[in-house]
Every structure is written in structure tokens, then in C-alpha cells.
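Below you'll find the structure, written out as C-alpha cells, and then a few comments.
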Amino acid sequence: VPSAPRFSAAGMSVVEHVREMASAGLHSNVRLLSGLLLTMSGNNPELFSPSQKYQLLVYHADSLFHDKEYRNAVSKYTMALQQKKALSKTSKVRPSTGNAASTPQSQCLPSEIEVKYKMAECYTMLKQDKDAIAILDGIPSRQRTPKINMMLANLYKKAGQERSSVTSYKEVLRQCPLALDAILGLLSLSVKGAEVASMTINVIQSIPNLDWLSVWIKAYAFVHTGDNTRAINTICSLEKKSLLRDNVDLLGSLADLYFRAGDNKNSILKFEQAQMLDPYLIKGMDVYGYLLAREGRLEDVENLGCRLFNISDQHAEPWVVSGCHSFYSKRYSRALYLGAKAIQLNSNSVQALLLKGAALRNMGRVQEAIIHFREAIRLAPCRLDCYEGLIECYLASNSIREAMVMANNVYKTLGANAQTLTLLATVCLEDPVTQEKAKTLLDKALTQRPDYIKAVVKKAELLSREQKYEDGIALLRNALANQSDCVLHRILGDFLVAVNEYQEAMDQYSIALSLDPNDQKSLEGMQKMEKEESPTDATQEEDVDDMEGSGEEGDLEGSDSEAAQWADQEQWFGMQ
């Protein structure tokens, strides 16, 4: 029986047609044709040469990758590599005769290293990081391209292999000295700013208008050491330079730093500024949504969530923003589901971990919440709110000793500032033995930052216990002189009631409710006063309140159980 003719004619071979379509981006066409050709090859092994089979497998796998069928793509890439291995063996057995015709074919063979990189990309998409590291580790160091080193560095960092990660980031910078994300990677792994800057100094000196880069590196070195004040000052100095004014990334970093420093007002302002410059901005919008939700601006949070979903539902941020809306509407099961969905999309999303942790804590699942807060701390060791969440869990489960150890560690590692002093004082307030220490710590915090809301709230709590209402009123009036905050107005209302200043107390509750219409405690304070003013209507009002209350709770429970039903159908609970 005569053998079937090879698939090549005087013009282009069919494999060359597949290659042309692949380079033209006609992925669906490549998938169909290469699939048919591979079946033909299976039925008649003589139809294509080994190098043609290798090419067909790679182009077919590429088209599967483009269709996001990652597991299928990996299997085809694996077959391609096995074919390449067989091809290498045959070429060693039969050395090239030296005719020029063999060289063009070997030149246009897809790169084996590129195939391994694509396989690693598939593995990361499938959340199989160990397999991704294994395949890239198998590439000899000298053959690793910058993108392979960058991917390896990120994977090593995620796996906690810090030394290997540093080596890979440095290799990226050696090849591409302006790889800014690699610079951030090194700074996040505690490499000194001066050492990182020395790796870019030659480029900075040789290219005009790059003198800002050394200041940029310095700024982010401060960010990663947790020195928020100096980081803010350095980025502000960069932002004021005319060439870098209105840069969205710098504004986003500033907003995040103000948030970390507990300056929510400036944080919101910077986020708004960045958003106006780039209406499609997603990065940092989860923090922005959280800040708006905390201020009781739930309508704004809902609008932000809808806008972000229209931009992309493949990022964690819109899910976190929606989750914040649910959380502050007391729909914790739904918040839990949305937080879990966000983690599924981005396991490094600190805000998603905090949202899910807080929802679990409020649902009484404290031990599960602790796991999430610990993971958040691992990812963001300089963010105080991660520690606050964990300490709240310890206090909720009466583990005061663990809370004290953690608060002391934070105080030592992040330094004595208004935030760490207040956090330590919060734990001290829980133990009757350490009340005086709490008082000293809060006084220190308020000396540093008289307007720091959390410190003012805790000091007011202490004064309330001691029934020093006049001192409390003076403290709160002073704090409210330059800012307006729902909680402070509400506490001032409570203190004014205690000294029988009912009219002004009513005014304070009204202001609190105008700032956050959902603030239940202000509403309760106001209703309590109204009942005392008109005792004849009290019984009727009580009945109405009970009915309203039960109705609301019923709605919330209904929405929670409903959310739980559809949340249970998804396998997004628990850490991946």
C-alpha cells in the first residue's frame, strides 16, 4: 500500500497555514483546523513529520488557552513537550545533512521555553501554584526570560520562599532595570531601598527626566516599612512635581496611606480625586467602598458597586464593595458569600479577607474568622486594621491574654503612634487590672493626635465608666471642632442626656442620624428621649417599635437564609 503523501505542496504546507492563522490571532479557526489535523495524524502517523506534530499540538493548545480551557491546554502542551523530546532524540540520531532547507523549519518551531511558560500560566489559573513553580524551576537559569523570572518571583513570594523570590526579582531588574513592579516586590520583601536604588542608578543617570525614580523608590521603601508619615510626605513631594501631577497610581497610594494612618477624611478625598481622573479605576476601590460604608453612605456604596461591576466582574473589588454594603446593612451571610467570591477571584485581596473575617465573627464563627485575619496579616503586615480584626476576635472569645500579646507585638513592631497606642488601650480596657494603663495610653494617643476618632471614642468610654460626663463632653466637643462624625455626635448625645441637657442631646442625635441614617444607637437614644417626654404615648409607641423591629429582623433573617442557600451551592466557603 503506498504511503499517504505528506501535507505540503509547492506552496505553503497546511501546518504553515495554521501558523499564519495563529500569528494573525484567528484562534477559533486554529482550534478547529488543528483539531481535525491532529485526528488525521492519529489515524495515519506518517501524515506529518515529528516537528509538524509538535507545532500542531502547540497551536492547538494555544487556542485552548485563549478559550480559557486551561486544564485541556495543559494536557496538549504536555503532549507537545513529549513530541519535542522525541524530536530532539531523532535529530541527535540523524544529524542534519547541512542543507539549508532544514534551517527555516527549526527556526519557526514554537519555543519550548514559551510552551513551559504558557503551562505555568495555566497552572496559576487553576490555582496549582506548586505545579507552576515546578515547571518554571525546570528551565535552566540562563534560559529564563524576564517574564519567567517575574512569574517565578511572584510565585515564590506567595509560597513564602522569600530568598528565592528576592533572587528572581533581582534577575528581572538586572535584565530590565525599569521594572517598577519588581522593585515593589523587592521592597515588600524587606530589601533596603538603597540597595534597590543602586540597581537602577545607571539608567536614572543616563536617561533625562527620570530623576524622580530614586524618590519614588524611597517613598515605597517607607510604605513597606510601615512609616506612613514619611511615605505620605515623600509621595506628596513627588505629586507636586509638575511632570507627575495628577498621576492616578500616586493618588491611589496616597489614599491608601491616609487610610492606613487612620486619616479617613483625606483618604476619601484622594480616592475621589483619583476616580475623577480615571473613571475606570478599580484598584483601591474596595478600600474606598469600605470607608464610605463605615460612614453610613450606603447609597454611595451601592452606586460604586454597580459602577465597578460594569467595569469588570473578574476583579475582587466590586464583590468586596457589594459585600461592604451587605455587611453594614447587617446581612452577614450575604457579606460572607460576596467576600468568599472575591477571595476566589484574588486570594491576595486583603480587603476581601477582612470582609469575610468580619462577617464570620459577627455570625459567631470566631475560629474561622481568626484564620482569615491571620492570612490578612501575612499578606499585609503593616496594616493595622488586620490586627484590629484579629484582636476583636480574641476579645469576642474572651481570650484577653492572646489579645494583649498581639496588641503588644503590634505596638513594638509598628511603633508607638496614636493607632497602636489606642489598640493596646482597647485591650487594656477589657481587664479591670489595666484600667489605669489604658488611661495613660489613650492620653498619649490624644496628645499625638487630638482628632483621632478611635482614641476619642475609647477615652469617652473610660470617662463614661467613671461617670465623668462633663470631662467627656469637653473631650467630644474638642474632637468635633474640626470634624463631623456620627459616632462622636451620638456619644455626645448620650453624655448630654446623663447631665439632663435633653434639647442639645436631641440635636446631637439628629446630627448623627443625618450623617448615618442607619445608626441604630442614635435612633434608640432619640426614641428613648421621646418616650420620656410623652409618657402617655409610650405604650402605643412601644407596640409600634416592637412590630417594626420584628419586621426588620424578619427581613434580615429571610435575606440571610436565602443568601445562605445560594451561597452553600457554591464551593467558596473556607480558604482555598
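The values are calculated or read from the model by the stated rules, or taken from the named source; none is laboratory data. Given the structure is predicted, the values throughout are model-derived calculations rather than measurements. Here the Cβ positions follow ideal geometry from the backbone for every residue, glycine too, while neighbour counts run over all protein chains shown. Heads up: the accessible areas ignore ligands, DNA and RNA and are worked out on the full protein's heavy atoms, side chains in. Shrake-Rupley method; radii C 1.70, N 1.55, O 1.52, S 1.80 Å.
Could you give the nm distance between label points at residue 85 and residue 278, where each point is 7 Å from its Cα heading toward the beta carbon?
Reported label-point gap for residue 85 and residue 278 is 4.4 nm.
What is segment 399-443's relative contact order, in percent, from Cα pairs under 8 angstrom and six or more apart in sequence?
Here the relative contact order equals 35 percent.
Mind listing the phi-derived Karplus ³J(HN,Hα) values for segment 300-312, rounded to whole Hz, using 6.51, -1.76 and 1.60 with θ = phi - 60°, and x for any glycine or proline?
5, 5, 4, 5, 4, x, 4, 5, 5, 4, 5, 7, 6
Helix 285-294 versus the longest principal axis of the chain: what is the Cα-based angle in degrees, 0 to 90, to the nearest 10?
The helix 285-294 is inclined about 20 degrees to the chain.
So for segment 203-277, averaging the separation of alpha carbon pairs under 8 Å that are six or more residues apart and normalising by length, what relative contact order in percent results? Working shown, then result.
Values: 70 pairs, mean separation 16.4, N = 75.
Here the relative contact order equals 22 percent.
I'd like the Karplus ³J(HN,Hα) series for segment 350-363: coefficients 6.51, -1.76, 1.60, θ = phi - 60°, whole numbers in Hz, and an x wherever there's a Gly or Pro.
3J(HN,Hα) across segment 350-363, in whole Hz: 5, 5, 5, 5, 5, 4, 5, x, 5, 5, 4, 4, 6, 8.
Per the 1.4 Å probe, what fraction of the accessible area of the chain, in percent, lies on carbon and sulfur atoms?
That fraction is 51 percent.
7 Å from Cα along Cα→Cβ at both residue 29 and residue 233: what's the point-to-point distance in nm?
If labels sit at residue 29 and residue 233, their model points lie 6.2 nm apart.
Once both labels are modelled 7 Å past Cα along the beta-carbon direction, what's the residue 443-residue 269 spacing in nm?
So the label points at residue 443 and residue 269 sit 3.2 nm apart.
Based on the alpha-carbon gyration tensor of segment 399-443, what equivalent-ellipsoid semi-axes (square roots of 5 times the eigenvalues) come out, in whole Å, largest first? Let's see the in-between values first.
On the way: eigenvalues 48, 36, 7 Å².
Gyration-tensor ellipsoid for segment 399-443: 16, 13, 6 Å.
Grab the beta carbon distance between residue 510 and residue 483, set R0 = 22 Å, and tell me the FRET efficiency rounded to 0.05.
0.80
Over the chain, what is the mean sequence separation of C-alpha contacts under 8 Å (at least six apart), divided by residue count, expressed as relative contact order in percent? Spell out each step's value before the answer.
On the way: 679 pairs, mean separation 34.5, N = 576.
Rounded, it is 6 percent for the chain.
Any chance you could check the Cα centroid distance between segment 57-90 and segment 489-522 for me, in angstrom?
Answer, in whole Å: 68.
At q = 0.07 Å⁻¹, work out log10 I(q)/I(0) for the chain with the Debye formula, treating every Cα as an identical point scatterer and leaving solvent out; two decimals please.
Scattering profile of the chain, log10 relative to I(0): -0.57.
Helix-derived [θ] at 222 nm for the chain: sum -39500 (n - 2.57) over DSSP H runs of at least 4, divide by residue count, nearest 500?
Values: 32 runs with 427 residues, N = 576.
Using -39500 (n - 2.57) per qualifying helix, the result is -23500 deg cm²/dmol.
Please give the per residue accessible area of the chain, computed with a probe of 1.4 Å over protein heavy atoms only, in Å².
Heavy-atom SASA per residue in the chain reads 52 Å².
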